[in-house]
Amino acid sequence: MTYRPTIGLEIHAELSTQTKMFCNSANNLDEAPPNTNICPVCLAHPGTLPFINREAVKHVLRVGVALGGTLADYSEFDRKSYFYPDIPKGYQISQYAYPLVSGGSLADIDITRVHLEEDTARSTHQSPGKDDTEGRSLLDFNRAGIPLMELVTEPVIHDAETAGKFARELQLLLRTLGVSKANLEKGEMRIEANISISKTDSFGTKVEVKNLNSFRSVERAIAYEAKRQEALIESGGSVVQETRGWHEGRQETFSQRLKEGSADYRYFPDPDLPKLILSEIPEFAPEVLVASLPELPWERRARYIKEYGIKDVDAIYISADADRVIFFDAVTKILSDVALIRLAVNYIVTDLAGIYAKKGSEEFTALDANAFVELMRMITKGDLSSRGAKDTLALLVEEGGDPETLAKKHGLIQVSDPVALEKTIATVIAAEPKAVAEYRSGKEAALQFLLGKAMKESHGAGNPQQLRELFIKEIS
């Protein structure tokens, strides 16, 4: 029997609020120089008192109802004690015994809990320099106290791909709800994986892996760690319960520290914060929260498939990004013909996606939906060949404007005039007597060769169907 990995995820997401979790300092990391969005509360000056950010609580509750979780009636905040320079109080305000949300599921993965806490300061470690041979560690307290949602899954994931799928779906949900930007590269969403392996139904020794700042890193770190544990056990060793980091350059995990247990944090209720009786707050009523939800990602995918008959993979691609959704919904509001919508989907998920991949960034919202729709109509009318449509779309992305004007300016309008096409055919027949003879002797491939020459002669503008018909008429 082979070893079976068991994985549980702990995912933190910084919430999009105007102010921090327990004070009035601004929550805008991208706009402020270091250590400017700070106050006596988030710096833990003696005598200061925290107060609860109502908006942050509502964000977590909305996530909870979207996940189908159970919302708490009673909830409270706790002090989680640990001593690092990035937490000036000597403890973090978090939730332990009474989280805001219990249960629920996402992407067929059961969830244990969703709770609120405050973020820590940001540490920057500098390399040793000429004037400072030991290097320095700098602290930016702008992040200290930012509302942080933590979601914990049940240990029911058994492969790296499923873990990555869950994390992607959660990011999409958070963005759809507008509760977090959830950019991994900016640390707005942080993923930790608890991994163990076993040949039985019992769990093995759990190892936590941190520093996973991309979905690809999540999948690679889980796969690596499962193999590391298996090799360790097979060589006669044993797995140690610890926290490990992920080294992106070496594509391997490394030991950081022994794993703490809940007793090490000495949780106890924070005496400075009031208890929450959520049923006493009308805006936190489940029916009110449900009514505030937008169309959820899985609902949108199902609607796209049902209404437009598009493929599952295409619905997943479009729904995976908010800007893609905005653009596609704008296109479908203009178009009523399902066939045209399916044509639009094909150009979105192949040609447009390819253009943006080469550019290195997506700019769906910068593309005029009306111009894109007009391009689709030109294709169906036969005004553009497949090659001409691709080239016109590329020009539309780069320059904007009207697709017909762009196509005419760059000579991309498809030629369907029989007189002009007959001239093209005559030129090709005169230049390729060998291919003409081969076709007349029964070689069908020769016709395709001649057609390619004609398309080249017409600079890609000739109507290929008409060219084919005219060739057959002339040389059969």
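Give the residues of region 143-160 that are farther than 24 Å from residue 100 by Cβ, touching a Lys or Arg at 6+ places or on another chain (Cβ under 7 Å) and crowded, with 17+ Cβ neighbours inside 10 Å, sorted by residue number.
If the condition is that a residue be farther than 24 Å from residue 100 by Cβ, touching a Lys or Arg at 6+ places or on another chain (Cβ under 7 Å) and crowded, with 17+ Cβ neighbours inside 10 Å, then no residue fits.
Which residues, counting only those in region 412-434, are at pLDDT 80 or above, crowded, with 17+ Cβ neighbours inside 10 Å and either touching a Pro at 6+ places or on another chain (Cβ under 6 Å) or outside any loop (DSSP other than H, G, I, E, B) (or both)?
429
Out of all the residues in region 190-201, which are farther than 15 Å from residue 5 by Cα and crowded, with 23+ Cβ neighbours inside 10 Å?
191
Go through region 133-201 and tell me which strands (runs of 3 or more DSSP E), entirely inside it, have 2 or more residues that are modelled with pLDDT of 95 or more and under 24 Å from residue 254 (Cα atoms).
Filter on region 133-201 gives 147-153, 189-198.
Given the residues 30, 86, which is the only one that is out of contact with any helix residue (DSSP H, G or I) (no Cβ under 9 Å at 6 or more places or on another chain) and acidic (Asp, Glu)?
86
Mind checking which residues of region 113-132 are in a loop (DSSP other than H, G, I, E, B) and either within 28 Å of the chain's Cα centre (by Cα) or at pLDDT 85 or above (or both)?
First pass over region 113-132, keeping only residues in a loop (DSSP other than H, G, I, E, B): 119-121, 126-132.
Within region 113-132, 119, 120, 121 qualify.
Kindly provide the set of residues from region 446-476 that are among the aliphatic types (A, V, I, L, M) and either in contact with a Phe, Trp or Tyr (Cβ under 7 Å, 6 or more places away or on another chain) or more than 25 Å from residue 384 (Cα to Cα) (or both), ordered by number.
446, 447, 450, 451, 475
Report, by residue number, each residue of region 57-105 that is at pLDDT below 95, more than 29 Å from residue 175 (Cβ to Cβ) and charged (D, E, K, R).
Passing the criteria: only 89.
With (1) at pLDDT 95 or above; (2) over 29 Å from residue 172 (Cα atoms); (3) assigned to a loop (DSSP other than H, G, I, E, B); (4) not acidic (Asp, Glu) as the list, and residue 293 as the residue in question, which single condition is left unmet?
If we test residue 293 against (1) at pLDDT 95 or above; (2) over 29 Å from residue 172 (Cα atoms); (3) assigned to a loop (DSSP other than H, G, I, E, B); (4) not acidic (Asp, Glu), just (2) comes out false.
Check 137, 127 and return the single one that is surrounded by fewer than 23 Cβ atoms within 10 Å (Cβ to Cβ), polar (S, T, N, Q) and within 27 Å of residue 42 (Cα to Cα).
After applying the criteria, what remains is 137.
Being surrounded by fewer than 19 Cβ atoms within 10 Å (Cβ to Cβ) and part of a loop (DSSP other than H, G, I, E, B) is the filter here, so list the residues in region 90-112 that pass it.
90, 96, 97, 98, 103, 107, 108
Could you check, for region 223-238, whether at least one of its residues is among the aliphatic types (A, V, I, L, M), in a loop (DSSP other than H, G, I, E, B) and closer than 30 Å to residue 317 by Cα?
no
Could you list all residues from region 6-37 that are at pLDDT 95 or above, part of a loop (DSSP other than H, G, I, E, B) and of a type in the set (A, V, I, L, M)?
Hits for region 6-37 are 15, 21.
From the list 344, 339, pick out the single residue that is over 25 Å from residue 454 (Cβ atoms), among the small types (Gly, Ala, Ser) and crowded, with 20+ Cβ neighbours inside 10 Å.
Result of the check over 344, 339: 344.
Can we say residue 113 is in contact with a strand residue (DSSP E or B) (Cβ under 9 Å, 6 or more places away or on another chain) and among the charged types (D, E, K, R)?
So residue 113 passes the test.
So is residue 208 acidic (Asp, Glu) and surrounded by 18 or more Cβ atoms within 10 Å (Cβ to Cβ) or not?
Against the criterion (acidic (Asp, Glu) and surrounded by 18 or more Cβ atoms within 10 Å (Cβ to Cβ)), residue 208 qualifies.
Looking only at residues in region 161-175 that are touching a Ser or Thr at 6+ places or on another chain (Cβ under 9 Å) and under 21 Å from residue 16 (Cβ atoms), which one is surrounded by the most Cβ atoms within 10 Å (Cβ to Cβ)?
Ranking the candidates gives 174 first.
Condition first: surrounded by 15 or more Cβ atoms within 10 Å (Cβ to Cβ) and among the acidic types (Asp, Glu). Now tell me which residues in region 347-371 satisfy that.
Passing the criteria: 351, 362, 368.
Looking for whichever is more than 22 Å from the chain's Cα centre (by Cα) and in contact (Cβ under 8 Å) with a residue 60 or more places away in the chain here; the options are 256, 229. Which one fits?
It is 229.
Mind listing whichever residues of region 165-176 are farther than 15 Å from residue 105 by Cα and not polar (S, T, N, Q)?
Within region 165-176, just 175 meets the criteria.
Check 235, 202, 198 and return the single one that is touching a residue at least 40 places away in the same chain (Cβ under 8 Å) and more than 28 Å from the chain's Cα centre (by Cα).
Values: 235 fails: touching a residue at least 40 places away in the same chain (Cβ under 8 Å); 202 fails: touching a residue at least 40 places away in the same chain (Cβ under 8 Å).
Residue meeting the stated conditions: 198.
Residue 37: over 23 Å from residue 292 (Cβ atoms), crowded, with 16+ Cβ neighbours inside 10 Å and of a type outside the set (Lys, Arg), yes or no?
Against the criterion (over 23 Å from residue 292 (Cβ atoms), crowded, with 16+ Cβ neighbours inside 10 Å and of a type outside the set (Lys, Arg)), residue 37 qualifies.
I'm trying to understand the selection: among the residues of region 368-391, which are polar (S, T, N, Q) and at pLDDT 95 or above?
370
Are there any helices (runs of 4 or more DSSP H) wholly within region 307-360 with 2 or more residues that are within 21 Å of residue 395 (Cβ to Cβ) and more than 19 Å from the chain's Cα centre (by Cα), and if so which?
Correct list: 322-334, 338-346.
Kindly evaluate residue 80 against the criterion of being assigned to a loop (DSSP other than H, G, I, E, B) and among the basic types (Lys, Arg).
In short, no.
Given (1) touching a Phe, Trp or Tyr at 6+ places or on another chain (Cβ under 9 Å); (2) in a helix (DSSP H, G or I), identify the lone condition not met by residue 373.
Of (1) touching a Phe, Trp or Tyr at 6+ places or on another chain (Cβ under 9 Å); (2) in a helix (DSSP H, G or I), only one is false for residue 373: (1).
The values are calculated or read from the model by the stated rules, or taken from the named source; none is laboratory data. The model shown is predicted, which means the values in this text are computed figures rather than measured ones. Positions of Cβ are generated from backbone atoms using ideal geometry, with glycine treated the same way; all protein chains shown enter the neighbour counts.
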